[in-house]
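Visitor: If you scroll down you'll find the structure; I have some questions about it.
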Amino acid sequence: MTAGRHFLQIPGPTNVPDRILRAIAQPTIDHRGPAFAELALDVLHRVKPVFGTSGPVVIYPSSGTGAWEAALVNTLSPGDHVLAFETGHFATLWRDMAEGLGLVVDFVPGDWRHGVDPAVVAERLAADTQHRIAAVMVVHNETSTGVTSRVPEIRAAIDRAEHPALLLVDTISSLGSIDYRHDEWGVDVTVSCSQKGLMLPPGLGFNAISEKALAAAEGARLPKSYWNWAPFLEANERGYYPYTPPTNLLYGLREALVLLESEGLPAVFARHDRHAAATRAAVQGWGLEVLCADEREHSSALTAVLLDEEHDANKVRQIILDRFDMSLGAGLGKVSGRVFRIGHLGDFNDLTLAGTLSGVQMGLELAGIPIDPDGIRAALEVLRA
């Protein structure tokens, strides 16, 4: 047994506030009764501002991966072409899913240090004079790298090319943590999940859907049953589900949405921005490098720290776990062993961040990595300001 609480500083699942845990612990109710309809209608109304939409949001009993599949199978047909970008591990997994579903993926290679280049989007779409590309797939905040792609500029690039492709965006590690505007930015399907900025356990997947995406769904021929929007949207009109719903997670989601409303989304985003800036100040103060190479694309949900080749990031993580009972995110895919990730999203405040960065600094020193011990002071200066 270890005294004190465990520091869960991976980029999700994140810490679940006690208020949300208590809400989830409420007795389960009849999902065909009026009390459930009241709960569902309330949640479906409250969740829209978090996506920045006035349109429908489907809430599945699923992971974010399920929400990916729902976005694809409801809008596309076998053999359709999609444009995707190698911004990190999860963008690559989404590519793999699309190919497995029978789609043809034009996958633009990347270095895992930059987001989607809007100029490349414009170039690829302008060259597609026959409009064979049916959708553009973008990961807003790449959880494996700490890089946030510039979705408004991507939308503008699609518009400049006068291309009809749908815009599908993964906000799994950005929703509720980083400013996002489904309607204003012209996104057609926004994909997300519960266990990151929404501060819930895993188990809920989301699709926010534009009118254009709804029209595309009428002709989409990829096989679907569980993921089909049509019965969901019909049942949701009355506050019900087409199959057994995740009632207790919906209790938790309602409480999470109340918490976000109480703080105010602008304040939530500003808090995440400040904690990210303080974390980067510590990394740079230590003399280390942030994986994200473009200041315009720094993530406010997590920071990926890049170590020199002679140092093992997994060893650093293991030392920190063993000595200080804190979990940091591992490097994934191409950056395995070179990167550790500090999650600073969700239910998170200044003192939690100060404790997190203190543990990281001590772990780096114990691992024999030469750093400037004033790194933590640089972070505290940001927090004080």
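Visitor: Output yes when any residue across the range 177-198 is open to solvent by 10 Å² or more (accessible area, probe 1.4 Å), assigned to a strand (DSSP E or B), more than 20 Å from GLU261 (Cα to Cα) and not acidic (Asp, Glu), and no when none is.
Guide: No, because not a single residue in the range 177-198 is open to solvent by 10 Å² or more (accessible area, probe 1.4 Å), assigned to a strand (DSSP E or B), more than 20 Å from GLU261 (Cα to Cα) and not acidic (Asp, Glu).
Rundown of residues vs (1) without any contact (Cβ under 8 Å) to a residue 60 or more places away in the chain; (2) closer than 26 Å to ARG221 by Cα, yes/no style:
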position	(1), (2)
GLY33	yes, no
ALA40	no, no
VAL104	yes, yes
VAL116	yes, no
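Visitor: Looking at ALA98 and the list (1) of a type in the set (Gly, Ala, Ser); (2) within 25 Å of ALA215 (Cβ to Cβ); (3) outside any helix (DSSP H, G or I); (4) open to solvent by less than 30 Å² (accessible area, probe 1.4 Å), which single condition is not satisfied?
Guide: So ALA98 meets the others, but not (3).
Visitor: Only one of (1) in contact with a Ser or Thr (Cβ under 6 Å, 6 or more places away or on another chain); (2) under 30 Å from ARG46 (Cβ atoms); (3) among the hydrophobic types (A, V, I, L, M, F, W, C) is not met by LEU260, so which one is it?
Guide: It is condition (1) that LEU260 fails.
Visitor: Could I ask something else about it? Only one of VAL116, VAL138, VAL120 is part of a helix (DSSP H, G or I), closer than 30 Å to PHE340 by Cβ, β-branched (Val, Ile, Thr) and at pLDDT 95 or above. Can you tell me which?
Guide: VAL120 is the lone residue from the list that is part of a helix (DSSP H, G or I), closer than 30 Å to PHE340 by Cβ, β-branched (Val, Ile, Thr) and at pLDDT 95 or above.
Visitor: Take the conditions free of Cβ contacts under 8 Å to residues at least 12 places away in the same chain, out of contact with any Pro (no Cβ under 7 Å at 6 or more places or on another chain) and surrounded by fewer than 24 Cβ atoms within 10 Å (Cβ to Cβ) and apply them to ALA220. Does it pass?
Guide: Considered against the rule, which asks whether it is free of Cβ contacts under 8 Å to residues at least 12 places away in the same chain, out of contact with any Pro (no Cβ under 7 Å at 6 or more places or on another chain) and surrounded by fewer than 24 Cβ atoms within 10 Å (Cβ to Cβ), ALA220 comes out as no.
Visitor: Could you please let me know if ALA126 is free of Cβ contacts under 8 Å to residues at least 60 places away in the same chain and buried (at least 20 other Cβ atoms within 10 Å of the Cβ)?
Guide: Spelling it out, it is not the case that ALA126 is free of Cβ contacts under 8 Å to residues at least 60 places away in the same chain and buried (at least 20 other Cβ atoms within 10 Å of the Cβ).
Visitor: I would also like to ask the following. Does PRO109 meet the test of being over 30 Å from ALA330 (Cβ atoms) and exposed (fewer than 15 other Cβ atoms within 10 Å of the Cβ)?
Guide: No, not satisfied.
Visitor: I've got another one for you. Test of understanding: among ILE172, ILE154, which residue is part of a helix (DSSP H, G or I), surrounded by 19 or more Cβ atoms within 10 Å (Cβ to Cβ), modelled with pLDDT of 95 or more and among the hydrophobic types (A, V, I, L, M, F, W, C)?
Guide: Of ILE172, ILE154, the one residue that is part of a helix (DSSP H, G or I), surrounded by 19 or more Cβ atoms within 10 Å (Cβ to Cβ), modelled with pLDDT of 95 or more and among the hydrophobic types (A, V, I, L, M, F, W, C) is ILE154.
Visitor: What is the one condition in (1) within 23 Å of THR148 (Cα to Cα); (2) touching a Gly at 6+ places or on another chain (Cβ under 6 Å); (3) open to solvent by 50 Å² or more (accessible area, probe 1.4 Å); (4) not small (Gly, Ala, Ser) that CYS292 does not satisfy?
Guide: The number of the failed condition is (3).
Visitor: Restricted to the range 250-280, and to residues that are small (Gly, Ala, Ser) and open to solvent by 40 Å² or more (accessible area, probe 1.4 Å), which residue is farthest from the chain's Cα centre (by Cα)?
Guide: SER262
Visitor: Any residue at all in the range 28-50 that's within 30 Å of LEU332 (Cα to Cα) and at pLDDT 95 or above?
Guide: Yes - at least one qualifying residue is present in the range 28-50.
Visitor: Which residues, taken from the range 352-368, are open to solvent by less than 10 Å² (accessible area, probe 1.4 Å) and over 20 Å from MET199 (Cα atoms)?
Guide: LEU357, GLY359, VAL360, GLY363, LEU364
Visitor: A further question follows. When you look at TYR226, is it hydroxyl-bearing (Ser, Thr, Tyr), more than 30 Å from ASN141 (Cβ to Cβ) and open to solvent by 10 Å² or more (accessible area, probe 1.4 Å), yes or no?
Guide: The answer is no for TYR226.
Visitor: Further, regarding this structure: Given the residues ILE369, ILE376, which is the only one that is part of a loop (DSSP other than H, G, I, E, B) and of a type in the set (A, V, I, L, M)?
Guide: Criteria check complete, one pass: ILE369.
Visitor: Where the second residue is modelled with pLDDT of 95 or more and not polar (S, T, N, Q) and the first is on the phi > 0 side of the Ramachandran plot and lies in the range 357-385, which pairs have Cβ atoms under 9 Å and are six or more apart or on separate chains?
Guide: GLY368/HIS311
Visitor: Being open to solvent by less than 60 Å² (accessible area, probe 1.4 Å) and of a type outside the set (A, V, I, L, M) is true for just one of HIS114, HIS89. Which residue is that?
Guide: The match here is HIS89.
Visitor: Considering only residues of the range 295-319 that are touching a strand residue (DSSP E or B) at 6+ places or on another chain (Cβ under 9 Å) and farther than 19 Å from VAL335 by Cα, which is least open to solvent (accessible area, probe 1.4 Å)?
Guide: SER300
Visitor: Something else about it: Does ALA281 satisfy the condition of being within 30 Å of ILE371 (Cβ to Cβ) and touching a helix residue (DSSP H, G or I) at 6+ places or on another chain (Cβ under 8 Å)?
Guide: yes
Visitor: Considering each residue of the range 60-80, count those that are free of Cβ contacts under 8 Å to residues at least 60 places away in the same chain and surrounded by 18 or more Cβ atoms within 10 Å (Cβ to Cβ), and give that number.
Guide: Number of matching residues: 1.
Visitor: On to the next question. Could you grab me the full set of residues in the range 330-351 that are touching a helix residue (DSSP H, G or I) at 6+ places or on another chain (Cβ under 7 Å), in a loop (DSSP other than H, G, I, E, B) and open to solvent by less than 20 Å² (accessible area, probe 1.4 Å)?
Guide: GLY331, GLY337, HIS344, LEU345, PHE348
The values are calculated or read from the model by the stated rules, or taken from the named source; none is laboratory data. Model, not experiment: these values are computed from the prediction. Neighbour counts run over all protein chains shown; Cβ positions are idealised from the backbone, glycine included. To get the accessible areas, we keep the full protein, side chains included, count just its heavy atoms, and leave off ligands, DNA and RNA. Shrake-Rupley method; radii C 1.70, N 1.55, O 1.52, S 1.80 Å.
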